[in-house]
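In what follows, a single structure is set out as structure tokens and then discussed.
The values are calculated or read from the model by the stated rules, or taken from the named source; none is laboratory data. None of these values were measured; they are calculated from a predicted model. Glycine gets a Cβ as well: all are built from the backbone with ideal geometry, and neighbour counts include every protein chain shown.
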């Protein structure tokens, strides 16, 4: 039990795919974006997204890349420098407002998109980097069996990510990638949010999700 907890308002986005200017974003303390920031994965798209971030009122903004954000995979240092209006996380952690966030863009191999890794040892090595004291985990893709079902009914989340989450037990896991699985789920003391703002037809129909985080 926390004595005199401080309520932090997290505003969660994902999979905006370059349509961010049309999104109505509620105010809050910390904005999180779980990847697919861009439409075509170009540096120009990323510059446009960064300009958009400057118009939002949140005190802190944290973003990761997704499988559409090719420029952040192909030329990571050059293009990460474009993001000046948010904290960009790629396999690293940051503590903001007393909350430890860890962000990672990888997902199990998905066609020929960005940030693909093979299931098993290759992707498990990325999840092994997640600190044990992580409060909020941000990945682009879901863990297996949790808000990961496609329109055809297939479960496509990562088994090794689920294993890491059950071991680390962050209080919140934020992700996207599977547009049709947008929503929230709770598993004992862990909350899961698929914040995909676009639906499976890439229509911007799902509103941002607000999560109150007590610290």
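From the list 184, 151, which one is in contact with a helix residue (DSSP H, G or I) (Cβ under 8 Å, 6 or more places away or on another chain), over 20 Å from residue 90 (Cα atoms) and surrounded by fewer than 17 Cβ atoms within 10 Å (Cβ to Cβ)?
Matching residue, one of 184, 151: 151.
Based on this model, can you work out whether residue 170 counts as in a loop (DSSP other than H, G, I, E, B) and surrounded by fewer than 18 Cβ atoms within 10 Å (Cβ to Cβ)?
It is false that residue 170 is in a loop (DSSP other than H, G, I, E, B) and surrounded by fewer than 18 Cβ atoms within 10 Å (Cβ to Cβ).
Only residues that are in a loop (DSSP other than H, G, I, E, B) and surrounded by fewer than 17 Cβ atoms within 10 Å (Cβ to Cβ): list them for region 115-129, please.
Those that are in a loop (DSSP other than H, G, I, E, B) and surrounded by fewer than 17 Cβ atoms within 10 Å (Cβ to Cβ): 118, 119, 120, 128, 129.
Looking only at region 173-199, count every residue that is over 24 Å from residue 7 (Cβ atoms) and either assigned to a strand (DSSP E or B) or modelled with pLDDT under 95 (or both) and tell me the total.
Going through region 173-199 one residue at a time, the tally reaches 2.
Restricting attention to strands (runs of 3 or more DSSP E) lying wholly within region 1-114, give those where 1 or more residues are loosely packed, with under 13 Cβ neighbours inside 10 Å.
Strands (runs of 3 or more DSSP E) meeting the threshold: 7-13, 92-96.
Taking residue 132, is it touching a helix residue (DSSP H, G or I) at 6+ places or on another chain (Cβ under 7 Å) and either in a strand (DSSP E or B) or under 25 Å from residue 90 (Cβ atoms) (or both)?
In short, yes.
Report, by residue number, each residue of region 1-22 that is closer than 27 Å to residue 106 by Cβ and in contact with a strand residue (DSSP E or B) (Cβ under 6 Å, 6 or more places away or on another chain).
8, 10, 11, 12, 13, 14, 15, 17, 19
Going by what's in this entry, would residue 160 be described as modelled with pLDDT of 95 or more and out of contact with any strand residue (DSSP E or B) (no Cβ under 8 Å at 6 or more places or on another chain)?
So residue 160 passes the test.
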